[in-house]
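Below: the structure, in structure tokens.
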Amino acid sequence: MHELTREPIYQQLNQLLRSLVRSDEYPVGGQFLTERQVSERFQVSRATANKALSNLVAEGLLTFRKGVGTFVSAQSMDYNLRALVSFTDEAIAAGRRPETRVLLFEEVAAHATPEDIAQVLQVSDQDPLWYMERLRLADGLPVILERRYVVAEHCRTMKKSDVAGSLYKVWKEQYTLEVEGAEESIRAVNMRSEEAKTLGTRLNTAGLLVTSVGFLRGHKPLWFERTLYRGDIYEFHNRLGRIPGVGGRIGRSMVKS
């Protein structure tokens, strides 16, 4: 049992519950205290307990499921829209343990792919491509489902074990490839049944689909990918440049929800 001090009760309660949410007592995805349990544990009214839980839901720390209860949400990870950063480095920077599960890795001929792939990658019908599907996890929680085609001529000896981590690192260290950058488009989607199952979430949960073409120096295409990010885990951040005719700068973040 905790005793509250003389500060406003709802403020104290909010802070105590935030600490609990971030503690080992309630892991990500686990069920949190009920309104009744909060009331009894902290000796507050049910109305105060309800208000505090509602605040944490609004802050994104908890998720309410009607008829089931309140559950601990995963803390957001950042996606930098201005630079190419590997998921491995991204997760480590966020204090998470990165993991990659290679669901599929195979060589395919360009003509066997959707017809826009060969055109985008500027290859002929018979040219070989590596195709991979990877599930990326942070602290054991699935957060990204990636489907990627890579022009095989640039990394002909690549094997399945090579793609179980940072591709950027493999391309640089094993093949001395210099990645110039990528062109991306981002749109909101509702997850289909198999995608939701793989990412450990519910059917029609919101996500962001990133479609990307990556280039080597000289703007030569290296990869094409369609990667699905869980909307309850990732935040997309960007800083906009100077507005013509205006002296200041502005910033904007895009948050998946």
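Nothing in this text is a laboratory measurement; each read-out follows from the coordinates by a stated rule. Remember, predicted model here, so these are calculated numbers, not experimental data. Virtual Cβ from ideal backbone geometry, glycine too; neighbours counted across all protein chains shown.
For the reader, a short list of remarks on this structure follows.
- Per-residue 3J(HN,Hα) values for the range 103-120, derived from phi via the Karplus relation 6.51 cos²θ - 1.76 cosθ + 1.60 with θ = phi - 60°, read 7, 7, 8, 7, 9, 10, 7, 4, 5, 8, 9, x, 4, 6, 5, 4, 5, 5 Hz in sequence order (x marks Gly and Pro).
- As computed over the range 87-231, the Cα convex hull volume per residue (Å³): 113
- Sequence-separation-based contact order of the range 87-231, relative, with Cα cut under 8 Å and 6+ spacing, percent: 22
- Label sites at residue 19 and residue 183, each approximated as a point 7 angstrom past Cα along Cα to Cβ, lie 5.3 nm apart.
- Likely footprinting exposure, 51, 169, fewest C-beta neighbours within 10 Å first: 169, 51
- Whole-Å distance, taken between Cα centres, linking the range 157-173 and the range 128-154: 11
- Fewest-first ranking of 111, 219, 154, using other Cβ atoms within 10 Å as the exposure measure: 219, 111, 154
- Multiplying each eigenvalue of the alpha-carbon gyration tensor of the range 111-188 by 5 and taking the square root yields semi-axes of 22, 18, 13 Å, largest first, rounded to whole angstroms.
- Extents of the range 9-72, largest first, come to 27, 25, 20 Å (Cα atoms, principal axes, whole angstrom).
- Candidate aspartates and glutamates - alpha carbon under 12 Å from residue 160, same-chain residues fewer than 8 apart omitted: 106, 107, 133
- By the count of other C-beta atoms within 10 Å, a proxy for reagent exposure, 234, 10 are ordered fewest to most as 10, 234.
- Working ranking of peptides 115-121, 195-201 by packing, defined as the average number of other Cβ atoms within 10 Å per residue, highest first, is 195-201, 115-121.
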